[in-house]
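I have placed the structure first, in the form of structure tokens, so that the comments after it can refer back to it.
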Amino acid sequence: MISSTMKIEIEKSKSSRLASTDFEHLEFGAVYSDHMFTVDFKDEEWKNPLILPFQNLSMSPATAALHYGQTIFEGLKAFRGNNNEILVFRPQAHCRRMNKSAERLCMPQISEELFMEGLHQLISIDHQWVPDMEGCSLYIRPMLYASDEFIRVKPSSNYKFIIFTSPVAKYYSGTVKVIVENKYVRAADGGIGFAKAGGNYAASLLPAKLAAEKGYQQILWTDAKEHKYIEESGTMNAMFLINDTLVTPALSSSILSGVTRDSIITIAKEWGVKVEERKISIDEIIEAHNNGSLKDAFGTGTAATITHISAISYNGNEIALPEISTRTLSTKIAQELSDIRLGKTEDRFNWVYKIQL
Ligand code: COI
């Protein structure tokens, strides 16, 4: 818990938006809960932790983050379990990853104590915003940005860390068709692709728009050097089942270390499934499709959980992947993950953080 010198000051909202929110028709990222947590980094330390009504920020047009992209975020979820418990999935892992992103972008570290205390108190206050409908959750968005009012290119001295939340349905309601990208890149070796930095998503927007114009909801990103090896799929990590082996690109400086990716690998290994984290060329995937050994392909992420890929387009040819009903391993893993997150099955990996109300 937070040290006594870092007591969070709380200002409650006077007019909750809860009653006017349509929980039956949630989409991803459209409504926000009543409160947010904020804390400032100034004079080399975190100061002034607050929980206050969700509101606009006021900032100078010279704010560094707006110009040079010194901004990072996380995405995690809280679920409503039995006995009125709120269950947050792997918050400490998200805190660790945020600190890796922060290190790469010259930003200050956030102690696990500060991250967890802000998150705990915010969710306790807004617990009624955690949906209990099948497939829905409270998406938690921690973010950290450079707040110096200074447009020289340098690491900022001041930062703001914010956590806000949003009740959401699944990011994708069904399967996705993907197109192999062989012109643009999301991230290059040695860059910031492994960090959850705003700039990575900015770089993906034009190629994603062009893909959507061709009828593809996502891109299958390939490596920056040769456009030969698969990196990620859209905003997700990519996984394939070739015969009985679960294959996924090995982590690198250009691939995000997905918490969902790690959770799936952990469950698969526990079940005795052979898992390979290695380079996978697009040619290998096409070959596996041609010889019938490609049984499954899917993206993984907090927002998307497991999203099946129905077709892959490569060099103008589209390959159709097996029927979803045949994809038993990924479907079973998705169910297991959901059961762990909802507290319906034993939390043997210690992934679930309970907020008792
Ligand atoms: C997540 O899965 O949480 C993501 O970060 C994807 C997002 C950009 C919506």
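The values are calculated or read from the model by the stated rules, or taken from the named source; none is laboratory data. Here the structure is a predicted model, which means the values were calculated and not measured. Here Cβ is always computed from backbone atoms with ideal geometry, including for glycine, and neighbour counts include all displayed protein chains. Note: accessible area is taken over every heavy atom of the protein model, side chains too, but ligands, DNA and RNA are not part of it. Shrake-Rupley method; radii C 1.70, N 1.55, O 1.52, S 1.80 Å.
Assorted remarks:
- Net dipole in debye of region 79-160 [+1 Lys, Arg Cβ; -1 Asp, Glu Cβ; about Cα centre; nearest 20]: 480
- Axis angle, to the nearest 10 degrees, between helix 91-104 and the longest C-alpha principal axis of the chain: 90 degrees.
- Rg/Rh, computed from the Cα trace of region 127-171 with Rh as the Kirkwood radius, has the value 1.26.
- Solvent-accessible area of the chain (1.4 angstrom probe, protein heavy atoms only): carbon and sulfur portion equals 49 percent.
- Helix 112-125 axis versus longest C-alpha principal axis of the chain: approximately 80°, rounded to the nearest ten.
- With the gyration tensor restricted to C-alpha atoms of region 26-184, the semi-axes of the equivalent ellipsoid amount to 28, 22, 15 Å, longest first.
- Between Q356 and A320, the contour length at 0.36 nm per residue exceeds the alpha carbon distance by 8.4 nm.
- Of the cross-linked pairs K196/K225; K77/K269; K177/K344; K196/K279; K47/K170, those separated by over 26 Å at the C-alpha level are K177/K344; K47/K170.
- Contact order normalised by residue count of region 9-169, Cα under 8 Å, 6+ apart, percent: 34
- Those residues of region 21-50 whose amide nitrogen sits under 18 Å from the label point placed on S111, 7 Å along Cα→Cβ: 38-50
- Percentage relative contact order, the chain, counting C-alpha pairs under 8 Å, at least six apart: 19
- For region 131-179 and region 326-357, distance of Cα centres in Å: 23
- Inter-label distance, nm, simple model (7 Å from Cα along the C-beta direction), Q335/D40: 5.2
- By average C-beta atoms within 10 angstrom, highest first, the peptides 215-227, 263-275: 215-227, 263-275
- Per residue accessible area in Å² of the chain, where ligands, DNA and RNA are left out and the probe is 1.4 Å: 46
- Long-range Cα-Cα pairs in the chain (distance over 35 Å), rounded percent: 25
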